[in-house]
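Below is one structure, written out as structure tokens; the observations come after it.
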Amino acid sequence: MSNPYFSNSDVFGEPKRQGAQRRGGVGTQQAPGATATQPAPQYGQAGSYGAQATDTASLEYLYGAPSATTADTKRLTYDDVIIKTGGLLALLVVVAAATWKLAPGIWPLGMVVGLVLGLVNSFKRNPSPVLISLYTVAQGVFLGGISKAFEGGAVGGQPIPGLVVQAVLATMVTFGAALFLYKSGRVRVTPKFTRWLIIAMVGFLAFQFINLVLVWTNVLEGAGARGGGLGVVVGLVAVGLAAASLIMDFDSIKRGVEQGVPARFAWSAAFGLMVTLIWLYLEFLRLIAILQGRD
């Protein structure tokens, strides 16, 4: 039995005998030397000895050749995502460290530029490595400045040495835990899970917006509902949502690899992970600061 793919293919499939007979005007008449099942080969036709030898050699070469890899087909791989994400994280750390040392006061500029570039990248149909890298630079400026403000006491009061290290470690541990839960199958991304996360995210964003308006209008003092004992509860909820978002990111990357999306979308996957990791770090920074006695 022949390979069904080649049999059904318009390129490799066998010609229709009835159609060939009609086109040639030949019924059941056989050529000299032909049998009922095998017509006599003619010079220059595929049935000749030379053509058969060539076809056999070609088939042996095709079957013996190695299978095409994702690198050959330019499809997304996990290695692509890891390399792109690692590169962006390295860029983020370098920019953040430089901002911490040289110009921590410009963090509001990084926050605004990062927000704008984040929205631009989110709505682009095709990823732009340049815009994603610029987003990472802007977020590095923001994180470097705001981290020094938290740890040095410029935000809220008494300095807390080691605050940034604690937040970084907490972010790394949470990332590892989320990846383990997803890979082990203990947490699965189901339609119910997705709906729950979307509803929770919308509710959290609405809460953030209302709290911000109340603080700006002096209805609430300090950080509003994000400070004090209530701030600890809100912070824990935010960390849980960020961890759930990481699991959603892992599932999206897995589906992209399995569906064979183009390799350039590794930038999109890395960008999505960066957004979630930055959010998670900021929530840990605030939560640890509250637990240390200030908001």
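The values are calculated or read from the model by the stated rules, or taken from the named source; none is laboratory data. Computed from a prediction, not measured in an experiment: that's the story for all the values here. Here Cβ is always computed from backbone atoms with ideal geometry, including for glycine, and neighbour counts include all displayed protein chains. Surface accessibility is based on the protein's heavy atoms, side chains included, excluding ligands, DNA and RNA. Shrake-Rupley method; radii C 1.70, N 1.55, O 1.52, S 1.80 Å.
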### Task
Please give the number of the condition R125 fails out of (1) of a type in the set (D, E, K, R); (2) buried (at least 20 other Cβ atoms within 10 Å of the Cβ); (3) farther than 27 Å from G176 by Cα.
(2)
#### Entry: One residue from L273, L280, L246 being in a helix (DSSP H, G or I), touching a Phe, Trp or Tyr at 6+ places or on another chain (Cβ under 7 Å) and open to solvent by less than 20 Å² (accessible area, probe 1.4 Å)
L246
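Looking at region 270-295, which of its residues are basic (K, R) and either at pLDDT 95 or above or farther than 28 Å from L119 by Cα (or both)?
Within region 270-295, just R294 meets the criteria.
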### Task
Could you tell me which of the residues F204, F175 is part of a helix (DSSP H, G or I), of a type outside the set (A, V, I, L, M) and within 18 Å of the chain's Cα centre (by Cα)?
F175
### Query
Is at least one residue of region 207-222 within 22 Å of the chain's Cα centre (by Cα), under 24 Å from G140 (Cα atoms) and either open to solvent by 50 Å² or more (accessible area, probe 1.4 Å) or hydrophobic (A, V, I, L, M, F, W, C) (or both)?
no
### Task
Only residues in region 93-122 that are under 17 Å from S147 (Cα atoms) and open to solvent by 60 Å² or more (accessible area, probe 1.4 Å) count as the first member; pair them with residues that are part of a helix (DSSP H, G or I) and not small (G, A, S), Cβ under 6 angstrom, at least 6 apart or cross-chain, and list the lot.
W100/K148; W107/F142; W107/I146; M111/F142
### Task
State the number of residues belonging to region 207-243 that are of a type in the set (A, V, I, L, M) and touching a residue at least 40 places away in the same chain (Cβ under 8 Å).
8
### Task
Please tell me if R264 is surrounded by fewer than 21 Cβ atoms within 10 Å (Cβ to Cβ) and either part of a helix (DSSP H, G or I) or touching a residue at least 24 places away in the same chain (Cβ under 8 Å) (or both).
yes
#### Entry: Search result, residues across region 141-189 that are modelled with pLDDT of 90 or more, open to solvent by 60 Å² or more (accessible area, probe 1.4 Å), over 25 Å from V113 (Cβ atoms) and not hydrophobic (A, V, I, L, M, F, W, C)
Q166, K183, R186, R188
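Considering region 159-189 alone, what residues qualify as being among the polar types (S, T, N, Q) and either in contact (Cβ under 8 Å) with a residue 12 or more places away in the chain or closer than 18 Å to L277 by Cβ (or both)?
Within region 159-189, Q166, T171, T174 qualify.
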